[in-house]
Amino acid sequence: EMVKEFKVRKQLVMKFLKGIPGLRYTEPDGAFYIFPEVKSYFGKKAGEEVIHNASDLCMYLLNTAHVSTVSGDAFGEPSCIRISFANNQKNIEEGLKRIKKGLELLG
């Protein structure tokens with residue numbers, strides 16, 4: 001039952017991320033997280049804050065969008081962030097909406 005549910009959640013996340021400009025990803029095989037490449041956001045700014053790397057972007061999303069992500073540095077993917085879909089669909093959708101809104105504020 002949970003395997004089916006995680007497949008649904010994975011599809012939800014991939015569909016949503018497809019609508020966010022500048023993100024690239026591959027479909028996860030069996031995990032409950034996805035690693036979108038976010039380097040297109042490096043160098044962008046929000047006010048005086050400049051996004052230099054994935055860690056900066058994760059902190060920005062935490063402080064601005066109130067969503068916790070993990071820098072890909074911890075997993076050998078410095079141009080990526082890790083987004084988990086080990087939550088219920090409602091919370092996943094809300095988190096993804098917040099991420100999208102936060103990224104849209106970067107210029």
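The values are calculated or read from the model by the stated rules, or taken from the named source; none is laboratory data. In this text, all values refer to a predicted model and were calculated from it rather than measured experimentally. For neighbour counting, all protein chains shown are included, and Cβ atoms are generated from backbone atoms with ideal geometry for every residue, glycine included. In case anyone asks, the SASA skips ligands and DNA or RNA and just uses the protein heavy atoms, side chains included. Shrake-Rupley method; radii C 1.70, N 1.55, O 1.52, S 1.80 Å.
Checking every residue in the stretch 28-51 against the condition of being among the basic types (K, R), in contact (Cβ under 8 Å) with a residue 12 or more places away in the chain and touching a His at 6+ places or on another chain (Cβ under 8 Å) gives zero matches.
Each row is one residue, and each column tells you yes or no for (1) of a type in the set (S, T, N, Q); (2) out of contact with any Lys or Arg (no Cβ under 8 Å at 6 or more places or on another chain).
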| residue | (1), (2) |
| --- | --- |
| I51 | no, no |
| S55 | yes, yes |
| C58 | no, yes |
| A65 | no, no |
| S68 | yes, yes |
| F75 | no, no |
| P78 | no, yes |
| I81 | no, yes |
| N88 | yes, yes |
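Would you pick out the residues in the stretch 14-31 that are of a type outside the set (A, V, I, L, M), crowded, with 16+ Cβ neighbours inside 10 Å and touching a strand residue (DSSP E or B) at 6+ places or on another chain (Cβ under 9 Å)? Once the filter is applied, which keeps residues that are of a type outside the set (A, V, I, L, M), crowded, with 16+ Cβ neighbours inside 10 Å and touching a strand residue (DSSP E or B) at 6+ places or on another chain (Cβ under 9 Å), the stretch 14-31 yields only Y25.
The lone criterion from (1) within 19 Å of F32 (Cβ to Cβ); (2) touching a residue at least 40 places away in the same chain (Cβ under 8 Å); (3) of a type outside the set (S, T, Y) left unmet by L103 is number (1). Within the stretch 36-56, the only residue that satisfies the criterion of being open to solvent by less than 40 Å² (accessible area, probe 1.4 Å), part of a helix (DSSP H, G or I) and either over 22 Å from D73 (Cβ atoms) or touching a strand residue (DSSP E or B) at 6+ places or on another chain (Cβ under 8 Å) (or both) is A54.
Applying the selection to the stretch 57-70, what residues are outside any loop (DSSP other than H, G, I, E, B) and either in contact (Cβ under 8 Å) with a residue 40 or more places away in the chain or in contact with a strand residue (DSSP E or B) (Cβ under 7 Å, 6 or more places away or on another chain) (or both)? Matches in the stretch 57-70: L57, C58, Y60, L61, T64, V70.
Could you tell me whether any residue of the stretch 52-63 is within 30 Å of K4 (Cα to Cα) and touching a helix residue (DSSP H, G or I) at 6+ places or on another chain (Cβ under 7 Å)? Scanning the stretch 52-63 turns up at least one residue that is within 30 Å of K4 (Cα to Cα) and touching a helix residue (DSSP H, G or I) at 6+ places or on another chain (Cβ under 7 Å). Total residues in the stretch 1-35 satisfying the condition of being more than 22 Å from A74 (Cα to Cα), within 14 Å of the chain's Cα centre (by Cα) and assigned to a loop (DSSP other than H, G, I, E, B): the figure is 3. Entry remark, the stretch 21-59: residues being touching a Phe, Trp or Tyr at 6+ places or on another chain (Cβ under 9 Å), closer than 16 Å to L96 by Cα and of a type outside the set (D, E) number 9 in total.
Going through the stretch 71-107 one residue at a time, which ones are in a loop (DSSP other than H, G, I, E, B), closer than 22 Å to F42 by Cβ, open to solvent by less than 70 Å² (accessible area, probe 1.4 Å) and of a type in the set (A, V, I, L, M)? Result: L106, single match.
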